[in-house]
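The values are calculated or read from the model by the stated rules, or taken from the named source; none is laboratory data. Every value quoted in this text rests on a predicted model; they were computed, and no experiment measured them. Backbone-built Cβ (ideal geometry, glycine too); neighbour counts: all protein chains shown.
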Amino acid sequence: MIRHEVGELIKSRFPCAEDRDRLARLAQRGWLPLPDDSSHPLRRLQGQSVGGFRLQLLLGPRNRYGADYFQMFLQDSHGRAGQEPVVMALHHSGRYPGYNWVEVISLASRVSFAAAGSAAADVVELQSDLVRRLFQHLADVIPPGGHLMVEYDSPEQQVTERALALGVPPAATPLGSLLLEIGCGAGFRDWHFAEGGSEGSRKLMGFKATDPEIAGIKAQQIARELLEYLEKPGENPSSKVEAAALRRAAAVLQKLLSREPELAQHLQRAVEGLAL
């Protein structure tokens with residue numbers, strides 16, 4: 001896009017002068033809004049509603065592996081954009097299912113908005129429902145067979161980090177149960193170390209099933225894993241992290257059983273022996 005087109009897009013999407021100036025500076029560094037007629041898969045995120053806010057997307061540079069950096073900002077009902085991105089991420093698309101993915105590099109726990117006529121800022125804490133809606137939009141960008149990766153090195157994901165370190169099944173962690181809920185739970189991979197030093201932060205990867213049949217098979221596998229964990233928890237089930245994981249495992253298992261009648265029949269006898 002030429003500079004004039006970028007300026008017009010920023011002007012049309014960001015009514016606040018302060019936001020326009022800030023976005024113009026980002027544009028000079030290669031962070032650009034996607035045009036309305038863009039064919040980029042991330043275009044569907046632009047303008048989406050998330051818990052009383054709208055998403056504003058900026059597409060950034062491409063890394064050496066062919067993935068595009070992007071930032072998402074929350075925009076409130078007054079047209080103010082968050083002063084920091086709510087999500088910083090990477091997107092990759094390709095011919096084969098496994099080539100299609102999104103990696104969340106950072107997720108803000110709060111977003112500040114400039115207050116008119118004041119040096120102070122209005123701060124919004126991200127509640128769990130808003131985060132779920134946000135991640136659902138990201139999951140919807142990924143086709144069947146793709147995957148969503150989310151870092152868990154940050155303080156915001158500390159509970160997930162501790163639970164995984166204790167051997168808790170991914171689906172019983174806060175991050176894993178979220179990935180499962182948004183359709184990216186047909187199997188997990190814990191990237192708890194960087195191979196070759198180029199993979200960045202530790203991250204949890206959740207896969208999308210290629211078809212409904214595979215989704216059902218994977219749901220059975222996850223349910224059995226959760227059931228085994230509930231029957232034989234870790235060495236210290238009374239610890240705060242483990243106790244929360246056990247409650248979460250029971251809740252996730254109940255959801256899986258309610259959605260999968262055949263799965264419920266297969267596991268009914270074992271479940272009857274548990275106080276879910």
Checklist entry - All but one of (1) in contact (Cβ under 8 Å) with a residue 24 or more places away in the chain; (2) under 17 Å from V111 (Cα atoms); (3) not aromatic (F, W, Y) hold for L26; which doesn't? => result (2)
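Report yes if P155 is over 29 Å from L227 (Cβ atoms), more than 14 Å from the chain's Cα centre (by Cα) and assigned by TED's automatic domain parsing to the domain that holds G206, otherwise no.
Details: over 29 Å from L227 (Cβ atoms): yes; more than 14 Å from the chain's Cα centre (by Cα): yes; assigned by TED's automatic domain parsing to the domain that holds G206: yes.
The answer is yes for P155.
Given the criteria within 30 Å of R189 (Cα to Cα) and either of a type outside the set (G, A, S) or outside the structural domain of R133 (by TED's automatic domain parsing) (or both), does V6 qualify?
On the way: within 30 Å of R189 (Cα to Cα): no; either of a type outside the set (G, A, S) or outside the structural domain of R133 (by TED's automatic domain parsing) (or both): yes.
The answer is no for V6.
Criterion first (surrounded by fewer than 17 Cβ atoms within 10 Å (Cβ to Cβ), at pLDDT below 95 and under 23 Å from the mean Cα position of the chain (by Cα)) does G7 satisfy it?
On the way: surrounded by fewer than 17 Cβ atoms within 10 Å (Cβ to Cβ): yes; at pLDDT below 95: yes; under 23 Å from the mean Cα position of the chain (by Cα): no.
Taking the combined requirement at face value, the residue does not satisfy it.
Pick from L9, L57: which is of a type outside the set (D, E, K, R), free of Cβ contacts under 8 Å to residues at least 60 places away in the same chain and under 19 Å from V124 (Cβ atoms)?
Values: L9 fails: under 19 Å from V124 (Cβ atoms).
On inspection, the qualifying residue turns out to be L57.
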Item to check | Residues (buried (at least 19 other Cβ atoms within 10 Å of the Cβ), part of a helix (DSSP H, G or I) and either on the phi > 0 side of the Ramachandran plot or touching a strand residue (DSSP E or B) at 6+ places or on another chain (Cβ under 7 Å) (or both)) located in region 14-54 | outcome: D19, L42, L45
Checklist entry - Quick check: anything in region 243-260 modelled with pLDDT under 90, over 26 Å from L107 (Cβ atoms), more than 26 Å from the chain's Cα centre (by Cα) and of a type outside the set (A, V, I, L, M, F, W, C)? => result no
Item to check | Residue among V87, V123 that is on the phi < 0 side of the Ramachandran plot and in contact with a Lys or Arg (Cβ under 6 Å, 6 or more places away or on another chain) | outcome: V123
Next on the checklist: Any residue at all in region 130-148 that's β-branched (V, I, T) and free of Cβ contacts under 8 Å to residues at least 40 places away in the same chain?
Outcome noted: no
Item to check | Considering residues of region 55-82 that are buried (at least 17 other Cβ atoms within 10 Å of the Cβ) and charged (D, E, K, R) only, the residue farthest from the chain's Cα centre (by Cα) | outcome: R80
